[in-house]
Ligand code: DGJ
């Protein structure tokens, strides 16, 4: 039994082969965490780990002589007003204005499997024996509010998922001012905190800092996972942790709205991690009989360093968060017209590009922005989801059929949550956009956000887009979202519910996704938001892949994809080869490197194939053939190891090893060329030491091959010759090593 309750000692032990998580119902009936980390043996009574001691100025939570003060306790879900002066996980405003609460243990349930979270994305199981769930219900007597803390322990992973559910049973309503998903506490502060931060074009760069006493936090307040700035993830790791060794605790939030990940270290060196919906601009009213469920937090423990943590997230998210027909399938190789044409295209041009793409081996043509309404630039058209027949006389229906005749699948770009003021939709429904009365309507890219907290808005958009999808041969949809939310206010909500708007908005987005994926199960959805501004686990539940970044420069992509891989699987990472000089930063990198880097994701091209030389087209043909050979392994059946960190040196290195360790693909990429420097040994990882592999790679036109044992490749490494790097052009060159067991 992975979840055990010791009734006499009132101790819960969640344990599998990898982790232990131990909870204790204290003498005041509140919950304390006694241990979270590597699996330990079970025993009848762990309560000796519950320590109280008299301290000067302490606030007692029970009458003397208990010495129980919540300020010094690792609470499972702390609340305001308890004598604990650190940040709480929950705060409820009651009818009399009080924010004080005291949730006491009432009951628990342990059962096989994992229930879905209504209306919210969450990890799942396919059979009941894959996981076990513990639900502990606590009650605040005075307000009549119940809180159910939910824990699922996966059988085969070092993973515990958590969420919380508030239910109002009292006569009078309460308002949740803070309702986080989880609080996790550690007894000391000897950790570093890892976060994935950035901005447009440089998303999810890893940053690490040593914990300090006080609060350190990341957050998103833009209504879309916080945009590209802060990904909803942090990890705590022991100093000295590497890719291969050291203890790491990962905290990832399955949510696409405003979020908070906060670490507070008390002056007693206790470390409290809080994560969930950002309480800023949040307030949720609960009347008698109503419930509120928080998003899911996914806790991963690794004692095999950051690499171990990442591989757990990859496997779990790829197979038990992503859903649908495309989850386990190799993804189509696509050509997207955005950087090739921007808004300047017509049907003839698209078909010419598609014809050439087909010759090269491309499988899917994606028509990006500009096909609808009167959209010839970014000032108009959003909201008018019908084809611009001046540009595409055959309509989307006709064009999609012509694509099929060419032998390509067809995909379409949409930005369903937005409206331009210059659109029929806005003219008909000016009150559908998010705007605070009497305030300036901030615009970004000439567009405004539709109020997806309103059912009628979601229904209307659904009907428009479903009509096109039903009438045409569409097998892929790129769902973009190009501006953040401001002046969050809904024309539809009463004053005392305006604090619900931003969460209701994202629930509206999720509900539209859910409807569309149910109605069109064959369509592969890709989420996108000005590049990678909505690259989060919540989206993965609906769209198995996401556009990683608008920055398609090969070197920048090494960094972005390296950072993204800390949490997200390669099957989620949209990666395209684009033209040079690169449109984002003007850099020229070799076509071979652009292709090699893009292979470690969902592969495609984003350029005008009609402008490529014969020599370039030959390279593209080869790249596509190679990707077809390896994509199944890369996207559905491999483990990923980061080898050389582009943030620390002049090289990027990583390897994808098939689950059976019979084949692998490794990338070595150098940033700037160096003359007369020291030796390079590229050490691989994840292989089977006792297997002999054929190592195949090319230097320009020359193909080389040699046999080597797995242990040789991991301990000695591949000698990379500086002369070869110079011969290939020096700066930004790369070598792709194909390994096959002999
Ligand atoms: C932002 C996306 O990231 C791009 O790929 C492209 O789809 C544009 N939007 C179109 O407006």
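Normalised by the number of residues in region 644-741, the mean separation of alpha-carbon contacts (under 8 Å, six or more apart) gives a relative contact order of 35 percent. Assign one of three labels to region 528-685, namely rounded, prolate or oblate, based on the Cα gyration tensor with a ≥ b ≥ c the square roots of its eigenvalues; rounded applies when a/c is under 1.5, prolate when it is not and a/b is larger than b/c, and oblate otherwise. It comes out rounded by the Cα gyration axes.
For the chain, the longest principal axis of the alpha carbon atoms and the long axis of helix 455-471 meet at an angle near 30°. Each of 442, 387 has some number of other Cβ atoms within 10 Å of its Cβ, and from fewest to most they run 442, 387. Mind running the shape call on region 608-742? Use the C-alpha gyration tensor, a ≥ b ≥ c as the square roots of the eigenvalues: rounded below 1.5 for a/c, prolate if a/b tops b/c, oblate otherwise. Because a/c hits 1.5 or more and a/b fails to exceed b/c, region 608-742 counts as oblate. Sorting 58-68, 551-561, 330-340 by their mean Cβ neighbour count within 10 Å, with the most densely packed peptide first, gives 551-561, 330-340, 58-68. Averaging over all projection directions, the Cα-based convex hull of region 63-160 occupies 8.7 nm² in the image plane. Sorted on the mean count of surrounding Cβ atoms within 10 Å across their residues, most packed first, peptides 79-87, 519-527 read 519-527, 79-87. Helix 347-360 axis versus longest C-alpha principal axis of the chain: approximately 90°, rounded to the nearest ten.
For a modelled paramagnetic label at residue 715, 7 Å from Cα along Cα-to-Cβ, the residues of region 668-694 in reach, with backbone nitrogen under 19 Å, are 681-694. Compared with the alpha-carbon gap, the fully stretched path from residue 187 to residue 55 is longer by 45.8 nm at 0.36 nm per residue. Helix 554-564 and the longest principal axis of the Cα set of the chain meet at an angle near 20°. When both region 218-233 and region 96-151 are represented by their alpha-carbon centers, they are found 26 Å apart. From the square roots a ≥ b ≥ c of the eigenvalues of the alpha-carbon gyration tensor of region 3-320, which class results: rounded (a/c under 1.5), prolate (a/b over b/c), or oblate? The shape class here is rounded.
Note on residue 727 and residue 401: with the Förster distance fixed at 35 Å, the Cβ-Cβ geometry gives a FRET efficiency of about 0.15. Note on residue 242 and residue 290: the model spin-label points, each 7 Å out from Cα along the C-beta direction, lie 5.4 nm apart.
Given their separation in residues at 0.36 nm each and the Cα-Cα distance between them, residue 40 and residue 329 gain 100.3 nm when the chain is fully extended. Taking the fewest neighbouring Cβ atoms within 10 Å as the starting point, the ordered list for 493, 367 is 493, 367. Peptide packing for 443-451, 309-317, 700-708 was compared via the average number of neighbouring C-beta atoms within 10 Å per residue; ordered from the highest value, the list is 309-317, 443-451, 700-708.
Listed from fewest to most Cβ neighbours within 10 Å, the set 528, 656, 688, 287 follows the order 287, 688, 656, 528. The stretch between residue 444 and residue 346 holds 32.6 nm of extra length on full extension. This uses 0.36 nm per residue minus the Cα-Cα distance.
Measuring max minus min along each principal axis, the C-alpha atoms of the chain give extents of 85, 68, 44 Å (largest first). A Förster radius of 22 Å combined with the Cβ-Cβ distance from residue 169 to residue 496 puts the calculated FRET efficiency at roughly 0.65. Between region 302-356 and region 527-557, the alpha-carbon centres lie 9 Å apart.
A simple spin-label model places pseudo-atoms 7 Å from Cα toward Cβ; at residue 585 and residue 705 they are separated by 3.8 nm.
Once C-alpha pairs closer than 8 Å and six or more residues apart are averaged by separation and normalised to the residue number of region 567-684, the relative contact order reads 19 percent. When only Cα pairs below 8 angstrom with a gap of at least 6 residues are kept, the chain shows a relative contact order of 10 percent.
Any read-out appearing in this document is the output of simple, stated calculations on the displayed coordinates, not a laboratory observation. All figures in this text were calculated on a predicted structure; none of them were measured in a lab. Positions of Cβ are generated from backbone atoms using ideal geometry, with glycine treated the same way; all protein chains shown enter the neighbour counts.
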